[in-house]
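See structure below.
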Amino acid sequence: MLKNMTQGTPWRLIVMFGLPLLVGNVFQQAYNLVDTIIIGKYVGPVALAGVGVASPVFNLISALLIGLSVGSSIMVSQLYGAGRHRELPTAMTTILVVSFGMAVVLTAVGQAVTVPLLNLLQTPAEDLPFAVEYLRVIILGLVFNVFYNQLSGLLRGLGNSAVPLYFLIFSSVLNVALDLLFVAGFQWGVSGAAFATILSQAVSALLTWVYIRVKVPLFRRQKGDPIFEKKLLSTTVHFGLPMALQQSSISLGHLLMQGIINPFGTVVIAAYAAGTKVDMFAVMPLISLGSAASTFAAQNAGAGNMDRIRYGYRTTNYLAAGIGVCLSILVVTNREFLMSLFVSTEDYPLLAPDIIATGMQMMTIMPCFYVVLALIHSCLNTMSGAGDTTFSMFAMILMMGLRVVLAWCFINLGGTDEVGIWWAFPASWGIVLAIVLIHYFRGSWTKKALGKKAAR
């Protein structure tokens, strides 16, 4: 079902569009979480640490493609909001052709840089084999990852967040079942977890493609429609490149942070890997709300209704702040239980207690500042949807850079242990929120929309 967000009550539209996104993101993070839990339980804490090191490397390799899918969704939303429906089929095929070419290139590059990158990060010798094994396999499925994200993004750009949710739920359940079969049953170790992810994403991509072909006439090509158009590629790059660079910068920041963490050893690496999974799962409501605000802003920017965007932004802020407080309480009060899901003190009595204690320390600090993170997502997504993706890129690069610099300073100049890393997160959020709000109230972001023109 397509949703026109240029009419109706903004808060209701944002919430109703955001709920399927939230459920989808929860399921997506749930199978990532289960992935990590199964590895920790059935392969061990050292394997958990190895996959923890591997994850930011894979995220860096795939970041350009993920960022491009976000930019593509914004472009489709604005074309739809502006009534330029005849351009949508060519926009879709242009996006998919470019994405496929980039996925093939990045797969080859990823295989080549895996070991050098892990060595550069000072990965502990006992964790390295698991990290290499996981990366070698998961990178092979990059093309399925990008096709699913792009196709789902195209549907969300038209206001349809429900159908991608259904396929994601199916994929998540399939991934968990395959995880248990390959890791716990066949004992394929970390490779089994990677294969489970690849197969589930491939199925999701195929189902989404079939649905678009059968059920979405707006994307159906007509005779004479070009497969590829330079103008639409230029527009995709205009919106997608800043988002792609943003995602790459975020991933690079995670990679640099991993380099700071690795010298602390397996215990801190495993605790950070588990704590990060919990954190990513917990903030899904904030990210989903931000994505809904982005689509709302994009469609209304296409229609030229900036006052409605501002009203939607204020509504999103109230919702985000309330959700942020609830999430903080939920995570902090349940931190011991959450950490105990990943490692067993009975099976691994030497490492597990320290891993759990270190993860609890992390989850005592970072979640207390989720409100700040919520307001950042609300503001940046609104401005990105309106077309100002360049500033969003700048803000996220700055946030990641500050996080790494502050963590290094706290440890090397302030003399802290890993606690300095945990405090670097909220410190960077606070600085960036101040800058983001200044930019929003200056108002220059309102001039970046694609705008209306006659449909061809």
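Can you work out the PRE-style zone for Val237? Point 7 Å along Cα to Cβ, and I want the residues of the stretch 84-99 with backbone N under 19 Å.
Backbone N within reach: 90-99.
Give, in nm to one decimal, the length gained when the segment between Ile431 and Gln187 is fully stretched (0.36 nm per residue of separation minus the Cα-Cα distance). List each step's numbers first, then the result.
Working: separation 244, 0.36 × 244 = 87.84 nm, distance 4.61 nm.
Here the segment from Ile431 to Gln187 would lengthen by 83.2 nm.
For the stretch 1-71, restrict the atom set to alpha-carbon positions and state the Rg and Dmax in Å.
Using the Cα atoms of the stretch 1-71, the pair Rg, Dmax is 17.7, 53 Å.
Provide Met284, Met102 in ascending order of the number of other Cβ atoms located within 10 Å of each residue's Cβ, fewest first.
Ranked by crowding around the Cβ, least crowded first: Met102, Met284.
Kindly state, to the nearest 0.05, the FRET efficiency for Val104 paired with Val214, given R0 = 41 Å and r defined as their beta-carbon distance.
0.90
Please give every one of the aspartates and glutamates within straight-line cross-link reach of Lys230, meaning a C-alpha to C-alpha distance under 13 Å, and leave out same-chain neighbours fewer than 8 residues apart.
Straight-line reach from Lys230, under 13 Å: Glu87.
Grab the alpha carbons of the stretch 277-393, take their convex hull, and tell me the volume per residue in Å³.
93
Per residue of the chain, what 222 nm ellipticity follows from adding -39500 (n - 2.57) for every DSSP H run with n ≥ 4, rounded to the nearest 500?
One gets -27000 deg cm²/dmol as the mean residue ellipticity at 222 nm.
Report the convex hull volume per residue for the stretch 10-447, counting only C-alpha atoms, in Å³.
125
Any read-out appearing in this document is the output of simple, stated calculations on the displayed coordinates, not a laboratory observation. Just so it is clear, the structure is predicted and the values come from calculations on it, not from any experiment. Ideal geometry is used to build each Cβ from the backbone, glycine not excepted, and the neighbour counts take in all protein chains shown.
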